[in-house]
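Below is one structure; the comments refer to it alone.
The values are calculated or read from the model by the stated rules, or taken from the named source; none is laboratory data. Quantities reported herein were computed from a predicted structural model and do not represent experimental measurements. Cβ: placed from backbone, ideal geometry, glycine included. Neighbour counts: every protein chain shown. Accessible surface areas use protein heavy atoms only, side chains included; no ligands, DNA or RNA. Shrake-Rupley method; radii C 1.70, N 1.55, O 1.52, S 1.80 Å.
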Amino acid sequence: MELLIHTGLRAETLPEILRPLVRAVRAADPGCRRVVYAVTEGYRAGVEAAEATGFRCAVDVDLQDEQLSLLVAEPDWVTVTDMDLDHVPGT
């Protein structure tokens, strides 16, 4: 699912938009592993606003005509780490 957010919004308004969008995606698809949000690389205010909503920076990508920072919001069941490093999950 792709969600487009108008690029003319101020960074201060992003958290109040991103929070309910992430909740709606998770409610519609409980198996969703991540919601990805892209901001123009170097747009610090946009990154900070997304991070305030629970997103974390994942990767910077270079496209043909733009550079983007991709941030992800993942549910806890995706990011939980088994600290028993001697145990192979599923065995």
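A compact table of results
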{"item": "Residues of segment 19-46 satisfying the condition of being touching a residue at least 40 places away in the same chain (Cβ under 8 Å) and touching a Gly at 6+ places or on another chain (Cβ under 8 Å)", "result": "22"}
{"item": "Unique residue being surrounded by fewer than 14 Cβ atoms within 10 Å (Cβ to Cβ), in a loop (DSSP other than H, G, I, E, B) and within 15 Å of the chain's Cα centre (by Cα) when the list is 33, 23", "result": "33"}
{"item": "Matching residues in segment 36-67 - criterion: being more than 18 Å from residue 21 (Cβ to Cβ) and open to solvent by less than 60 Å² (accessible area, probe 1.4 Å)", "result": "45, 61"}
